[in-house]
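Only one structure is covered here, and it is reproduced in the block below.
The values are calculated or read from the model by the stated rules, or taken from the named source; none is laboratory data. All figures in this text were calculated on a predicted structure; none of them were measured in a lab. Here the Cβ is made from the backbone with ideal geometry for all residues, glycine too, and neighbour counts use every protein chain on show.
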Amino acid sequence: MSSKNAPFFHSFLSDTERLGVRVRPALLVSVRDEKEAKIALDAGVDLLDVKEPQHGPLGRAATDVLTEIAALKAAFPTVHFSAALGELQRGSSEKAPLALPAEYDFVKTGLSDCHSDPRWSEKFSQFRKSISEFIRPGTVRWVAVAYADHESCNAPLPETVLRVAIETNCDGLLVDTWSKSGLSTFDYLPEAQLKSLRQKCRESGLFFALAGSIKQVHLERVVEIDPDIVAVRGAVCEEQLRTSEISLSAIENFISAMDQLWVQANS
């Protein structure tokens, strides 16, 4: 594995260190405001993602929310912060958020309605350039997003997204679901395809993040996929509803379940 991403996640190890060992993925939890961010940070998450679930799977949070949450980084310097910037086909025509706080390590945008647009990869590069004009150089990295249910939202195939991610020097690939109907990534993509994407990411020096209505019941399958990051929201919300508030106990239980399963996988 390339070492370019190694500083970002404690779970990243060299190929030699990983040989024969399944390393527990880093846990990313998405939050919508400062209150939820504090809950997630107190629970011990590895990565904190900021988005507004009412605005879609990668809904962009208000600039003041991003700023308020960024102020928490000083007390949690080892936690990595990310921000969702909405969907490319809508975000590329919106005004970029001014002065995205330097505390954010990486950002991402969704690719719904891009499959039928032959210029989507060009727009993706242009959008990245427009965002870079509003942030301090070198402070943020990009994650490409592949929707598992790409057919339902006219998004590019995951393999196409990965190819563009490699060509445009993204730092990682996130597989997520566009629809939040309760179906998970595993309902749309076979495990063999997910493993192939993960392997290609590692060979190309990108991290591989798995999301899409992932819950505790899916963790045994997640072990087999062996992602670098597991990203959740609904699974750690009250009543497992992604529009409800984050639950401290739910996050702690999820972390405990991950720890136990990965210990078992290595025993």
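Worth pointing out:
- SER181 meets each of the listed conditions (1) of a type outside the set (Val, Ile, Thr); (2) surrounded by fewer than 23 Cβ atoms within 10 Å (Cβ to Cβ); (3) assigned to a helix (DSSP H, G or I) apart from (3).
- The C-beta contact set for segment 159-175 (first residue under 10 Å from CYS201 (Cβ atoms), second residue small (Gly, Ala, Ser) and assigned to a helix (DSSP H, G or I), distance under 6 angstrom, 6+ apart or interchain) comprises ILE166/SER204; LEU173/ALA165.
- Of all the criteria given as (1) within 15 Å of the chain's Cα centre (by Cα); (2) closer than 20 Å to PHE81 by Cα, the one not satisfied by VAL161 is (2).
- Filter pass, GLU133 being surrounded by fewer than 16 Cβ atoms within 10 Å (Cβ to Cβ), under 26 Å from ALA257 (Cα atoms) and either out of contact with any strand residue (DSSP E or B) (no Cβ under 7 Å at 6 or more places or on another chain) or of a type in the set (A, V, I, L, M) (or both): no
- Leading residue by the ranking (farthest from LEU100 (Cα to Cα)) among those in segment 124-139 that are of a type in the set (Ser, Thr, Tyr) and at pLDDT 75 or above: SER125
- The single residue among ALA192, ALA155, ALA209, ALA165 that is within 28 Å of TRP262 (Cα to Cα) and surrounded by 15 or more Cβ atoms within 10 Å (Cβ to Cβ) turns out to be ALA209.
- Take the conditions (1) buried (at least 21 other Cβ atoms within 10 Å of the Cβ); (2) in contact with a helix residue (DSSP H, G or I) (Cβ under 6 Å, 6 or more places away or on another chain); ASP113 misses just one of them, which is (1).
- Options VAL222, VAL217; residue that is surrounded by fewer than 23 Cβ atoms within 10 Å (Cβ to Cβ), within 24 Å of GLN264 (Cα to Cα), aliphatic (A, V, I, L, M) and more than 18 Å from the chain's Cα centre (by Cα): VAL217
- Condition check for ALA231: touching a Cys at 6+ places or on another chain (Cβ under 9 Å), buried (at least 19 other Cβ atoms within 10 Å of the Cβ) and hydrophobic (A, V, I, L, M, F, W, C): no
- If you check SER121, SER112, SER93 for being outside any helix (DSSP H, G or I), at pLDDT 90 or above and either of a type in the set (S, T, N, Q) or more than 18 Å from the chain's Cα centre (by Cα) (or both), only one passes: SER112.
- Scoring ALA71 on the criteria (1) in a helix (DSSP H, G or I); (2) modelled with pLDDT under 95; (3) of a type outside the set (Asp, Glu); (4) touching a helix residue (DSSP H, G or I) at 6+ places or on another chain (Cβ under 9 Å) leaves a single failure, condition (2).
- Every residue from segment 243-252 that is under 15 Å from GLN216 (Cβ atoms) and either touching a residue at least 12 places away in the same chain (Cβ under 8 Å) or charged (D, E, K, R) (or both): SER247, ALA250, ILE251, GLU252
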